[in-house]
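The values are calculated or read from the model by the stated rules, or taken from the named source; none is laboratory data. Here the structure is a predicted model, which means the values were calculated and not measured. For neighbour counting, all protein chains shown are included, and Cβ atoms are generated from backbone atoms with ideal geometry for every residue, glycine included. The protein model used for the area step is the full one, side chains on, heavy atoms only, and it has no ligands, DNA or RNA in it. Shrake-Rupley method; radii C 1.70, N 1.55, O 1.52, S 1.80 Å.
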Number of protein chains: 2
Amino acid sequence: MSIRIGILGYGNLGRGVEKAVNVCEDMELVGVFSRRDPATVTVDSGAAVYHVDSLPEMTDKIDVLIICGGSATDLPEMTPKYAEMFNVIDSFDTHANIPVHFANVDAAAKASGKIGIISCGWDPGMFSLNRLYAASVLPGGKDYTFWGKGVSQGHSDAIRRIDGVIDARQYTVPVPEALEQVREGKNPELTTRQKHTRVCYVVAEDGADRARIEQEIVTMPNYFADYDTTVNFISAEEMKAEHSGLPHGGSVIYSGTTGTGENVNTHVIEYSLKLDSNPEFTGSVLTAYARAAYRMNQAGDTGAKTVFDIAPALLSPLSGEEIRAHML
Amino acid sequence: MSIRIGILGYGNLGRGVEKAVNVCEDMELVGVFSRRDPATVTVDSGAAVYHVDSLPEMTDKIDVLIICGGSATDLPEMTPKYAEMFNVIDSFDTHANIPVHFANVDAAAKASGKIGIISCGWDPGMFSLNRLYAASVLPGGKDYTFWGKGVSQGHSDAIRRIDGVIDARQYTVPVPEALEQVREGKNPELTTRQKHTRVCYVVAEDGADRARIEQEIVTMPNYFADYDTTVNFISAEEMKAEHSGLPHGGSVIYSGTTGTGENVNTHVIEYSLKLDSNPEFTGSVLTAYARAAYRMNQAGDTGAKTVFDIAPALLSPLSGEEIRAHML
């Protein structure tokens with residue numbers, strides 16, 4: 001019997017999940033759930049569209065609900081709410097609020113007898129796993145996370161809010177020299193500015209004061225002030241032709257040692273991603289973990305989980321015998 | 001209370017485990033167990049040395065026995081035998097025999113109520129995990145494993161058995177062009193020869209026929225015949241000065257896609273290791289998984305396990321709250 005999946009929220013991430021579910025032979029997409037009028041939502045794969053209000057009537061038709069909302073306001077409310085009815089999974093990434101979110105989802109999921117996986121994707125998610133595995137194997141080492149080259153949607157949005165800006169795309173780019181030092185196991189102390197640069201492409205209104213826009217960008221607190229930022233003004237046509245994708249990626253690099261004194265040996269562990277589409281890869285991670293949520297709940301487990309709590313075998317559609325034979 | 005560790009076998013790997021256990025604050029090294037006369041075994045950290053025959057009397061003094069033997073003859077016999085008495089862990093790497101070894105350890109460990117983790121280290125081990133995670137997230141992709149640059153002890157031993165050879169060291173080296181194609185997501189079909197080259201350093205006896213030795217190496221079936229192999233004759237002094245370490249490493253690279261038709265997106269996942277000491281890193285992995293073996297058994301679980309069956313959080317000495325706060 002297939003694992004029956006519902007998708008809540010149909011933006012870039014929801015579309016990524018849809019594509020991932022549709023290539024999993026052990027899954028079936030029950031439908032997409034939206035806060036919009038279903039008649040106005042066109043679904044790429046032709047799956048059914050429902051209004052979010054119909055979810056409570058579908059608890060016997062969905063095994064796992066994949067919640068594709070924003071971390072700022074959607075997920076803190078949605079994930080605990082729907083954990084009262086379904087096994088759920090989200091990509092909550094507001095780091096400081098993870099303990100509260102975990103506690104809220106845990107209480108709801110334990111009460112309902114369901115599983116709620118939070119903070120899944122690639123960071124938090126696959127990158128977190130690699131930080132944990134490396135630190136567990138080589139205690140006392142140091143981890144570095146580099147992001148990019150890739151589009152930061154949050155930073156792109158921040159530029160779009162500046163007066164006179166029509167469209168913007170911001171690329172986060174690791175500093176090659178910093179990457180190189182870390183890969184060599186030198187454990188450098190790096191400031192924010194030394195780790196990443198920010199490259200912006202901006203479509204400005206005709207007659208807008210470009211010098212003022214550039215100044216507003218490079219001095220923007222939290223987003224740009226602590227980085228070396230480059231601003232390029234381009235046409236709307238060039239934006240569409242050259243910058244319509246959402247590539248991303250990055251590396252987690254961990255350097256640790258074994259032995260003591262003159263016999264110290266250094267080991268460098270690196271996990272890196274080069275993604276043509278950030279939302280499609282994130283959707284694929286969520287989908288694999290949805291399989292785990294279903295299986296854990298079938299086995300009687302309940303409550304909030306993160307990628308740390310989930311045995312890798314639970315992600316694979318293959319049997320234990322098959323993965324031992326082909327992947328071990 | 002500390003996790004009480006025993007080490008069975010005191011070669012390079014046993015020494016690596018000893019170093020790893022000694023930096024884990026939640027572990028205590030009870031002793032090293034050897035088939036040799038304990039009086040002849042000098043232990044680096046000053047831990048107690050026992051004859052292997054005393055193990056059955058120490059079942060209440062050891063929580064996890066880390067078995068550091070060879071895959072050819074030691075582990076198939078030792079791991080099931082000691083799983084009858086202890087939680088055990090090994091680095092069994094004879095791939096074709098994993099199903100039989102797993103079944104033997106599973107039967108013994110289930111009967112005794114213990115955990116037996118097999119095939120742990122970096123390959124099989126951390127590399128296996130990365131093959132599984134990647135294939136689960138992006139079904140239908142292709143994985144490549146490259147080893148090196150690093151010393152292959154099996155290949156070095158094979159050369160040493162040739163008549164006229166005093167000492168030898170063999171480095172496995174990935175072919176840069178092959179690595180590059182794979183990293184670009186091109187999914188090339190690669191023969192054995194196209195993936196790795198083998199570079200050998202040989203100390204020959206005075207007056208030995210070097211041309212004959214070289215010919216015997218490069219034509220040796222299974223070990224060298226399918227590779228481009230380079231043989232360098234060096235002095236015993238140069239061997240000691242330049243080739244006394246046991247560095248190794250390599251990469252698992254997985255390339256997969258999302259989307260269909262014109263909207264296909266390619267994603268490349270790479271996990272790579274650069275290890276100054278292969279046995280010390282392998283020993284560190286075994287030690288982290290020994291912690292998991294103990295915890296799983298404390299929670300009531302029994303039987304054979306691999307890295308696929310073990311939730312990552314079980315490897316860390318930190319609490320769930322701590323890892324969510326600092327690594328997620």
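Data overview
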| quantity | calculated |
| --- | --- |
| Some residue of the range B:69-76 being within 20 Å of A:Ser319 (Cβ to Cβ), in contact with an Asp or Glu (Cβ under 7 Å, 6 or more places away or on another chain), part of a helix (DSSP H, G or I) and open to solvent by less than 50 Å² (accessible area, probe 1.4 Å) | no |
| Failed item, numbered, when A:Val49 is tested on (1) touching a Gly at 6+ places or on another chain (Cβ under 7 Å); (2) within 14 Å of another protein chain (Cβ to nearest Cβ) | (2) |
| Counted residues, the range B:258-301 - those being within 7 Å of chain A (Cβ to nearest Cβ), open to solvent by 50 Å² or more (accessible area, probe 1.4 Å) and touching a Leu at 6+ places or on another chain (Cβ under 8 Å) | 0 |
| Hits in the range A:93-107 (condition: open to solvent by 50 Å² or more (accessible area, probe 1.4 Å) and not in a loop (DSSP other than H, G, I, E, B)) | A:His95, A:Ala96, A:Asn97, A:Pro99, A:Val100, A:Ala103, A:Asn104, A:Ala107 |
| Enumerated helices (runs of 4 or more DSSP H) restricted to the range A:139-254, each holding at least 2 residues that are under 20 Å from A:Asn278 (Cα atoms) | A:153-160, A:236-242 |
| Qualifying residue in the range A:255-273 (condition: outside any helix (DSSP H, G or I), closer than 30 Å to A:Asp26 by Cα and free of Cβ contacts under 8 Å to residues at least 12 places away in the same chain) | no |
| Residue match in the range A:307-315 (condition: surrounded by 21 or more Cβ atoms within 10 Å (Cβ to Cβ), at the interface with another protein chain (Cβ under 9 Å from one of its Cβ atoms) and among the β-branched types (Val, Ile, Thr)) | yes |
| Qualifying residues in the range B:226-238 (those that are out of contact with any Phe, Trp or Tyr (no Cβ under 7 Å at 6 or more places or on another chain) and over 11 Å from B:Thr197 (Cα atoms)) - the one least open to solvent (accessible area, probe 1.4 Å) | B:Val231 |
| In the range A:108-135, the residues that are more than 8 Å from chain B (Cβ to nearest Cβ) and assigned to a loop (DSSP other than H, G, I, E, B) | A:Gly113, A:Lys114, A:Ile118, A:Cys120, A:Gly121, A:Asp123 |
| Residue match in the range B:202-218 (condition: under 29 Å from A:Ile269 (Cα atoms) and either open to solvent by 30 Å² or more (accessible area, probe 1.4 Å) or modelled with pLDDT of 95 or more (or both)) | no |
| Count - residues of the range A:136-166 that are more than 14 Å from chain B (Cβ to nearest Cβ) and open to solvent by 10 Å² or more (accessible area, probe 1.4 Å) | 13 |
| Residue among A:Pro76, A:Pro174 that is touching a strand residue (DSSP E or B) at 6+ places or on another chain (Cβ under 8 Å) and either modelled with pLDDT under 95 or more than 10 Å from every other protein chain (Cβ to nearest Cβ) (or both) | A:Pro174 |
| Unmet criterion (only one of (1) buried (at least 22 other Cβ atoms within 10 Å of the Cβ); (2) at the interface with chain A (Cβ under 7 Å from one of its Cβ atoms); (3) not in a helix (DSSP H, G or I)) for B:Ala304 | (2) |
| Test: residue in the range A:112-121 that is surrounded by fewer than 17 Cβ atoms within 10 Å (Cβ to Cβ) and over 20 Å from A:Val252 (Cβ atoms) | yes |
| Spans of strands (runs of 3 or more DSSP E) in the range B:5-67 with at least 3 residues crowded, with 16+ Cβ neighbours inside 10 Å | B:27-34, B:64-67 |
| Among (1) within 11 Å of chain A (Cβ to nearest Cβ); (2) out of contact with any helix residue (DSSP H, G or I) (no Cβ under 6 Å at 6 or more places or on another chain); (3) among the aromatic types (Phe, Trp, Tyr) - the single one B:Tyr201 does not satisfy | (1) |
| The range B:79-92, residues that are within 17 Å of the chain's Cα centre (by Cα) and either assigned to a loop (DSSP other than H, G, I, E, B) or more than 15 Å from B:Ala290 (Cα to Cα) (or both) | B:Asp90, B:Ser91, B:Phe92 |
| First in the range B:167-193 and free of Cβ contacts under 8 Å to residues at least 40 places away in the same chain and open to solvent by 70 Å² or more (accessible area, probe 1.4 Å), second anywhere and assigned to a strand (DSSP E or B) and not aromatic (Phe, Trp, Tyr), Cβ under 7 Å, 6 or more apart | B:Arg193/B:Asp228 |
| Failed item in (1) in contact with a Phe, Trp or Tyr (Cβ under 8 Å, 6 or more places away or on another chain); (2) at the interface with chain B (Cβ under 10 Å from one of its Cβ atoms), with A:Phe102 passing the rest | (1) |
| Where a residue in the range B:96-116 is hydroxyl-bearing (Ser, Thr, Tyr) and its partner, wherever it lies, is surrounded by 15 or more Cβ atoms within 10 Å (Cβ to Cβ), with Cβ under 7 Å and at least six apart | B:Ser112/B:Ala83; B:Ser112/B:Glu84; B:Ser112/B:Met85 |
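A quick yes/no check of all residues on (1) basic (Lys, Arg); (2) more than 25 Å from B:Asn12 (Cβ to Cβ):
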site: B:Arg212; (1), (2): yes, yes
site: B:Thr219; (1), (2): no, yes
site: B:Ala225; (1), (2): no, yes
site: B:Phe233; (1), (2): no, yes
site: B:Met239; (1), (2): no, no
site: B:Gly245; (1), (2): no, no
site: B:Ser255; (1), (2): no, yes
site: B:Gly259; (1), (2): no, yes
site: B:Asn265; (1), (2): no, yes
